[in-house]
Amino acid sequence: MIPVRHAVTASTEKIIQPIEPTIMSSSDMTIHLKIWRQKNAESKGRFETYTLDNVNEHMSFLEMLDVLNEELIENGDDPVEFDYDCREGICGSCNLVINGRAHGPKHMTAVCQLHMRNYSDGDTVVIEPARAAAFPVIKDLVVDRSAFDRIIEAGGYVSVKTGSAPEANLIPVPQKKANQAFDYATCIGCGACVAACPNSSASLFTGAKIGHLNKLPQGQPEKQQRVLSMVAQMEKEGFGDCSNYAECEAVCPVGISISAIAEMRREYLKALFDN
Amino acid sequence: MPSFIEAAQSQVGRKILTGITGLLLVFFIIFHLAGNLTIFGDADAMNRYSMILHNLGWPLWIARIGLILVFAIHAYIGISIWWQKRKARPEEYDVYSSKGGPSKQSLSSRSMAFTGVILLIFLFFHINTFALGDTETVIIDGQEASDLKTLVIETFQNPLYAFGYTFVMILLGAHLGHGIWSSFTSLTMKSKKLSSSIYSIGVILAVVLALAFIFIPLYIFFTGGCGGLISGYDCV
């Protein structure tokens, strides 16, 4: 028995050896950045190049930009303006076009969830704002996405009984419909679909919002007016037509399928022919 | 509530109309190819086919007017989508690339406007060459008919026509490679499984149609119309 106990002790000792955090062993990378700088909406923008020598592979992309901005501020330069909020991939603020791809190289990943380990030492990274007439640049990488808010506003209201909170199971929603509605409801309105679409179409965003609301029993009386108004507003904002490139689905950080666009077209046709 | 015309001009309406007209044009192309292949039938097959079509009378005119309308709507919407795209992104990206995965961006899908415009221009030359071309008169089943077959063979003996047609038919294949699947998607196809099957079928159909169209001019050019597959042409 003794040898066995000895063996157990030995292996336990081995297990409790402190594990050296990998962060300490990772080496810093040099990253060359080519970033769109634009003073304000009226001025003409241009690319500026920067080199960061201390980029850790565990940094998120936005943390890398934070490091750049610290250096710029220390040198008395204007920091690079970019949008962010939650840094958890759920708010949709941080849409940047990185090396020509909205939200960078990874599928179903927002910029804030992208890590520098996806890049190699010496890489050049080009960062541009989402480019669309409907998303005018406010400053540097920040664009005005209030066109999306106006599409939502055009959707109007949903008639519900006000007063005390309704009983949770009062209105049953079939499981399949609830799942579909939830899939579309995951749209975080980041605008990557517009940024990546060769036509700058907002069809995926509008389709997801219409699909989400029209699947649920609440708001059924308004569903026809909703789809007609939202489609009209989408066009009024100056977004392009959908050419079924499906690039929007590829860049969507929450993976919304282009079936949302088919949903929008179906609902539009139904609204048209029911009247 | 938009009127029908307003709805047809909306982004959703435009796409649905492009899908419907696109599919109608695919049917027309298949029908046209079947007609072309009569060149490999018996000596009079192609001229008989052309004579039967011409003798149809008013239904032929309805088909012609319908086709012109379908082509016009498809082309008009296609060009307007391209125009709106330019307005919707006045400043292009310095670097742009597709993320792959579910994306359907390809040389075929990105060149739809270019291939479409070339096909439209080609259509005028094509009608001028064959539908309005000078033909001899032949007697088929006791009736006078145009000798379309000789016109086709003599046209494709010219390398400019043979290779020009081949080039345009490659563009047609590229246009259909994205177009067939896109038509179904525009017509609200939602199922992922169906979508990937239609995409594959669309690409295969596009390749088969293009190859079949290309085979005729190249076969005539390289055999001078005297190959074993064509009968009844006086080779001298």
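Throughout, read-outs are computed from the coordinates displayed, never taken from laboratory work. None of these values were measured; they are calculated from a predicted model. Every residue, glycine as well, gets a Cβ built from its backbone with ideal geometry; the counts of neighbours run over all protein chains shown.
Observations on the structure shown:
- 14 Å beta-carbon shell around B:THR18, net charge (K/R +1, D/E -1): +3
- Positive end of the dipole of the protein assembly as shown (Cβ unit charges, origin at the Cα centre): among B:LEU56, B:GLY116, B:GLY224, the Cα lying farthest that way belongs to B:LEU56.
- Charge context of A:CYS242, other residues only, Cβ under 10 angstrom, K/R +1, D/E -1: +2
- Tensor-based shape of chain A (alpha-carbon gyration tensor, a/c under 1.5 rounded, otherwise prolate or oblate): oblate
- Net charge contributed by nearby residues that have their C-beta within less than 14 Å of A:SER60 (K/R +1, D/E -1): -2
- Full-stretch length increase - A:MET108, A:ILE171 - with 0.36 nm per residue and alpha-carbon distance subtracted: 19.4 nm
- Residue order, fewest to most surrounding Cβ atoms within 10 angstrom, among B:LYS104, A:LYS161, A:LYS39: A:LYS161, A:LYS39, B:LYS104
- Listed pairs A:LYS177/A:LYS209; A:LYS161/A:LYS215; A:LYS106/A:LYS176; A:LYS177/B:LYS104; A:LYS34/A:LYS236; A:LYS106/B:LYS85 exceeding 24 Å between Cα atoms: A:LYS106/A:LYS176; A:LYS177/B:LYS104; A:LYS34/A:LYS236; A:LYS106/B:LYS85
- From the Kirkwood radius over Cα pairs of segment B:106-236, Stokes-Einstein at 4 °C and 1.567 mPa s returns a whole-number translational diffusion coefficient of 77 µm²/s.
- Within the protein assembly as shown, all pairs of alpha-carbon atoms sorted by distance into 10 Å bins from zero give the percentages 3, 15, 21, 18, 15, 12, 8, 4, 2, 1, 0, 0.
- Per-residue average of Cβ from other chains inside 10 Å of A:128-138: 3
- Dividing the helix sum by the residues of the protein assembly as shown, where each DSSP H run of 4 or more adds -39500 (n - 2.57), gives a mean residue ellipticity at 222 nm of -16500 deg cm²/dmol.
- Amide N proximity, segment B:130-169 versus B:LEU218 label position 7 Å along Cα-to-Cβ, cut-off under 14 Å: B:162-169
- Where only C-alpha atoms are counted, convex hull volume of chain B per residue in Å³: 166 Å³
- Remark: segment A:26-139 carries a charge dipole of roughly 680 debye about the Cα centre, counting +1 on each Lys and Arg Cβ and -1 on each Asp and Glu Cβ.
- Neighbouring partner chain Cβ atoms per residue of A:185-196, average, 10 Å criterion: 1
- Anisotropy class of segment A:26-139 from Cα gyration tensor, a/c 1.5 cut: oblate
- Each of A:ALA271, B:LEU160, B:SER98 was scored by the projection of its Cα onto the charge dipole of the protein assembly as shown, and the greatest displacement toward the positive side belongs to A:ALA271; charges sit on the C-beta of Lys, Arg, Asp and Glu.
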